[in-house]
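Participant: Got a structure for you, questions after.
Only the coordinates and a few stated rules stand behind these numbers; no lab work does. In this text the structure is predicted, and so the values were computed from the model without any measurement. As a convention, Cβ positions derive from the backbone with ideal geometry for all residues, glycine included, and neighbour counts pool all protein chains shown.
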Amino acid sequence: MEAGTGSAGLLHSLVRTKPVDQIVSEGGQGAGGELKRTMSLLQLTLFSVGATLGTGIFVVLGEAVPLAGPAVVLAFVLAAVTALFSALSYAELAGTIPVSGSSYSYAYATLGELVAWVCGWCLLLEYAVSVSAVAVGWGAYLNEFFDKTLGFTMPAAISNSPGEDGGVVNIPAVVVVLIATLLLLRGTSESATANTVMVMLKVGVLAFFCVVAFTAFRAGNLTPFAPMGWAGISAAGSKVFFSYIGFDAASTAGEEAKNPKRDLPLAIILSLLIVTVVYVLVGLSAVGAMPWKRFSLSGSEASLARVLDEATGMAWPSAVLSFGAVVAITSVVLTVMYGQTRILFAMSRDGLIPPIFQKVSPRHAVPVANTLIVAGFIAVLAAAIPLGRLVDATSIGTLFAFSLVSLGVIVLRRTRPDMPRSFRTPFYPITPLLGIGFCVYLMVGLGAVTWTVFLLWALVGLAAYFAYGRRHSRLAAEPAGRPATGKESR
């Protein structure tokens, strides 16, 4: 039913918020079954690290260095500061509203249904496209490993994206999506265990890279340090912000964490600190080992392997790195796909998207149909879209969602000041305001084509909301004061 008639009713339906208590009480419930609380603080932290670490370093560094030169290190710091402000806001809301919807659910509780829908729609862009971009990089490192160890590479027609170096369809990108899908379908606990192993391997491989690259470090390679000035650093910062996407992955596990109010904020902050330290060390060692101008000649997808080739003149170091990247990037695909399925789960439970996305398998306690639909969509993107477009489209959707989270902290502090919070954003309201400002600043640094794609995506999302979401919203259909249970029939 509609919450009124005419323009007043329309406005009410767009700005209605979902009570925090109701959001929390519905946690874990879905059609046909429930999600299980199996994830510890370590697993949550490594889930966020797994979703983050590798995305930028293994895939995007080669595109960022030509923009900023050796000052790409500062670009990583700029992106880290932006991410930190957002992470502190995420930590507060994740501890207060520990559910699967992440920033979508936070926006629903603070900014209203329409803003929540737009946020969730942008998250679809962020998660699906970021997984696709990483999957493209996975294929490049797989080819690099085959070349160094077996002396052959897959044909360009099936290993490159369409329009790039003779590419027709990127088959390896589809394969890694299928691997992640099989792991997710086995269950959350099994996925978390597999991710833990892959993250440990990933950190070990990047430590190996740093040791080898620093042996070839030349101070002269850092001069001039910022050849394109602040404009170059800012442009590279917008580009490498892609490498911080994923630190919020723990927030999508709010309904499967053992102690969400304590562990979610800690996992978000710890994961961001870990990946920032690693990024700065790897970035510094890379530009110190290879002149920055050569990055534009070496190809972006497997740039770290090229650094080791030039630094050592031997094949085995880059073979080790490439193997590690193949396994490590799989963890990014796994954890980000997990995050997207849980956000869709929350949106479906609210009635804004079809109920099939919240159907949980009683046997494995995972949303099977949801996972398969997401995997199919991501596989098509990964097979058919070039890397550069994927990176920029992901960054703008993420920055928009992050800014809404910071705004949500401000709104919830004003509307529910006495609500218990397991973590409080320090230096409020300066921190969330800076989070919004930095996100807007980096969004402005993205190109016109990226903005066009983003706005078109938002318009499609609005059309979908008015065609389906608004009419099926469970919040609108429920009598005031009656909390929903995710198990009601549709």
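Participant: Pairing the Cα long axis of helix 171-186 with the longest principal axis of the chain, what angle in degrees results, from 0 to 90 and rounded to the nearest 10?
Facilitator: Here the helix axis deviates by roughly 50 degrees.
Participant: Rounded to the nearest 0.05, what FRET efficiency do T193 and A219 give with R0 = 56 Å and r taken as the Cβ-Cβ distance? Could you check?
Facilitator: The pair T193/A219 has a calculated efficiency of 0.85.
Participant: Among S234, S25, S348, which comes first, second and so on when ranked by fewest other beta-carbon atoms within 10 Å?
Facilitator: Ascending Cβ contact count within 10 Å gives the list S25, S234, S348.
Participant: For the chain, compute Rh as the Kirkwood radius over C-alpha pairs and then the Stokes-Einstein diffusion coefficient at 4 °C and 1.567 mPa s; write the answer in µm²/s, rounded to an integer.
Facilitator: 58 µm²/s
Participant: Given +1 on the Cβ of Lys and Arg, -1 on the Cβ of Asp and Glu, and no further charges, what dipole in debye does the chain carry about its Cα centre, rounded to the nearest 20?
Facilitator: Rounded to the nearest 20 debye, it is 860 debye.
Participant: Which of the residue pairs K261/K359; K18/K258; K202/K258; K202/K293; K36/K239; K148/K293 have a Cα-Cα distance greater than 30 Å in the structure shown?
Facilitator: Flagged as over cut-off: K36/K239.
Participant: Further, regarding this structure: Work out the FRET efficiency for A156 and T38 from their Cβ-Cβ distance, taking R0 = 45 Å, and round it to the nearest 0.05.
Facilitator: Here the calculated transfer efficiency is 0.60.
Participant: Tell me, E126, E113 in order of fewest to most beta-carbon neighbours within 10 Å?
Facilitator: The fewest-first ordering by Cβ neighbours comes to E113, E126.
Participant: Distance in nm between label sites at I179 and S25, each 7 Å beyond Cα in the beta-carbon direction?
Facilitator: 4.5 nm
Participant: Most exposed first by the Cβ proxy, i.e. fewest other Cβ within 10 Å, how do C122, C210 rank?
Facilitator: C210, C122
Participant: The range 350-430: which trypsin sites (Lys or Arg not before Pro) are DSSP loop and have at most 11 other beta-carbon atoms within 10 angstrom?
Facilitator: In loop regions of the range 350-430 (DSSP not H, G, I, E or B), the sparsely surrounded trypsin sites (Lys or Arg not before Pro) are R363.
Participant: Here is a further query. Once label points are set 7 Å from the Cα along Cα→Cβ at both D165 and T415, what is their separation, rounded to one decimal in nm?
Facilitator: 5.0 nm
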